[in-house]
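Visitor: Pasting in a structure now, in structure tokens, and then I'll have a few things to ask.
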Amino acid sequence: MEWAHWMENQDRSVAQTKGPNCEVSTVFLGLDQSLINNRQILYETMVFGGEFDRKGSRYCTWDEAEDEHIKWCIESFEFGGSLFVWSDEKV
């Protein structure tokens with residue numbers, strides 16, 4: 001019960017970035033999502049909107065999640081000059 005209370009009340013966000021055509025969200029999942037992997041899958045990045053809507057991937061560590069969040073942002077945003085927007089705002 002303590003874990004469920006913690007999950008409800010914590011900010012599980014690793015990174016959230018709004019772009020001109022989509023949002024990229026990376027979060028701590030709280031439960032191991034691996035089925036046959038020897039490493040725990042605890043983080044997930046998802047894209048909302050744009051060409052990659054509802055696409056994403058999962059990771060084992062916070063560092064992997066941060067690195068991959070940036071890669072998803074670069075891949076997902078249609079950018080050129082000033083159209084590329086980084087934001088720390090919560091989704």
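The values are calculated or read from the model by the stated rules, or taken from the named source; none is laboratory data. Because the structure is a prediction, the values reported are computed rather than measured. Cβ placement follows ideal geometry from the backbone for every residue including glycine, while neighbour counts extend to all protein chains displayed.
Visitor: Which pairs turn up if I take residues in segment 33-50 that are within 16 Å of ILE70 (Cβ to Cβ) and among the acidic types (Asp, Glu) and look for partners that are assigned to a loop (DSSP other than H, G, I, E, B) and modelled with pLDDT of 85 or more with beta carbon separation below 8 Å, at least 6 apart in sequence or on another chain?
Guide: Within 8 Å, the pairs are GLU44/LEU29.
Visitor: Also, quick follow-up: Looking at (1) touching a helix residue (DSSP H, G or I) at 6+ places or on another chain (Cβ under 6 Å); (2) of a type in the set (A, V, I, L, M); (3) at pLDDT below 85, which one does LEU83 not meet, given that it meets all the others?
Guide: (1)
Visitor: Please enumerate the residues belonging to segment 1-34 that are modelled with pLDDT of 75 or more, among the small types (Gly, Ala, Ser) and farther than 14 Å from TRP62 by Cβ.
Guide: Result: GLY19, SER25, SER34.
Visitor: Starting from residues that are among the polar types (S, T, N, Q) and assigned to a loop (DSSP other than H, G, I, E, B), keep the ones in segment 17-48 and report whichever is farthest from ILE74 (Cα to Cα).
Guide: Of everything passing the filter in segment 17-48, ASN38 is farthest from ILE74 (Cα to Cα).
Visitor: Is it true that VAL91 is assigned to a loop (DSSP other than H, G, I, E, B), within 12 Å of the chain's Cα centre (by Cα) and at pLDDT below 90?
Guide: Yes, satisfied.
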